[in-house]
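Take a look at the following structure, please.
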Amino acid sequence: MLKLEGVTAAYGQSPVLFGIDLEIADAEAVTLIGRNGVGKTTLLRAITGLHPVTGGGVRLNGAQVEREAAFTRARSGLAYVPQGRGLFGHLTVEENLLMGLPALSGRATAKREIPDLVYDLFPICRDMAGRRAGNLSGGQQQQVAIGRALVTQPRYLLLDEPTEGIQPSVVQEIEVALTRIRTELRVAVLLVEQYLDFAWSFADRYYVMQKGRIVETGATADTPAHAVQRYLGV
Ligand SMILES: Nc1ncnc2c1ncn2[C@@H]1O[C@H](COP(=O)(O)OP(=O)(O)OP(=O)(O)O)[C@@H](O)[C@H]1O
């Protein structure tokens, strides 16, 4: 279980997150939606340790991790795919994938190689292994970025707007892969997403954020997507 309790964060003197409570069970798919600028990216970065919290707690499998460094949290099973994918464009696809391996160094049992499953889920990672990541299409880069996150063998995968700027056929492929990641690998997914149809089709539960606060939560099966559309504007 990943659990946030009253998480607050700020940029300098400006508070951005005001007491966020949120939880994700093992292998659960949860989506976090809200307009631009409400604090979604900051929240993901606070969970991963890339942005400091000013208060509240982040619990990962029962352990308080809000003061732990990002690499420690990665070793404990948190993986993050940032908005814009965060690949190294001048490095090859394979070199980008290998970047995920250091996160395994704390786990004696882990095999320090790219798991076959990454290639199985995203064949592009093998087919384009020697190509510079920067030369791939947006959709291909997104698949490599998720593949790299999986190399760390996470229990929780945090994704920031993976469908942004990606053509619909690739969005579908990504959804199929994410569903397999959940059901076959039993990895929980927290998906920040503006594309509601995708978010609703994928996630079991949702949280809505407004101005740094969670204002609504529920099961996607109980709430039609159009009922939350107003939170995203037109
Ligand atoms: N580096 C920064 N320095 C100062 N303020 C920032 C910084 N990054 C974000 N902010 C501000 O913090 C607030 C939350 O931003 P954040 O990026 O977390 O929102 P978001 O919901 O992810 O939006 P988007 O969908 O546009 O990424 C915004 O008001 C933004 O302007």
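Exactly one condition in (1) at pLDDT 95 or above; (2) acidic (D, E); (3) closer than 15 Å to L44 by Cβ is not met by E164; state its number.
Exception for E164: condition (1).
Give me a count of the residues in segment 1-48 that are outside any strand (DSSP E or B) and either aliphatic (A, V, I, L, M) or in contact with an Asp or Glu (Cβ under 8 Å, 6 or more places away or on another chain) (or both). Show your work before the answer.
Of segment 1-48, the ones outside any strand (DSSP E or B) are 1, 12-13, 25-28, 34-48.
Filter once more, so that each one left must be either aliphatic (A, V, I, L, M) or in contact with an Asp or Glu (Cβ under 8 Å, 6 or more places away or on another chain) (or both): 1, 25, 27-28, 38, 40-41, 43-44, 46-47.
Going through segment 1-48 one residue at a time, the tally reaches 11.
Looking at L44, L60, L78, which is the one that is within 16 Å of L190 (Cα to Cα) and within 16 Å of the ligand (Cβ to nearest atom)?
Values: L60 fails: within 16 Å of the ligand (Cβ to nearest atom); L78 fails: within 16 Å of the ligand (Cβ to nearest atom).
Matching residue, one of L44, L60, L78: L44.
Follow-up question, since we're still on this one. Could you please give the count of residues in segment 10-35 that are surrounded by fewer than 19 Cβ atoms within 10 Å (Cβ to Cβ), within 8 Å of the ligand (Cβ to nearest atom) and closer than 17 Å to E216 by Cα?
The qualifying residues number 1.
So, one more: From the set of residues in segment 90-104 that are surrounded by fewer than 18 Cβ atoms within 10 Å (Cβ to Cβ) and within 20 Å of the chain's Cα centre (by Cα), which is modelled with the highest pLDDT?
L98
Suppose the filter is basic (K, R) and over 22 Å from E161 (Cβ atoms); does R85 pass it? Walk me through it before giving the result.
Details: basic (K, R): yes; over 22 Å from E161 (Cβ atoms): no.
So R85 fails the test.
Residues that are surrounded by fewer than 19 Cβ atoms within 10 Å (Cβ to Cβ): find the strands (runs of 3 or more DSSP E) completely inside segment 137-234 holding 1 or more of those. Working first, answer last.
Numbers: elements: 156-160, 188-192, 205-210, 213-219.
Those strands (runs of 3 or more DSSP E) span 205-210, 213-219.
The values are calculated or read from the model by the stated rules, or taken from the named source; none is laboratory data. These numbers come from a predicted model, not from an experiment. We place every Cβ from the backbone using ideal geometry, glycine too, and count neighbours over all the protein chains shown.
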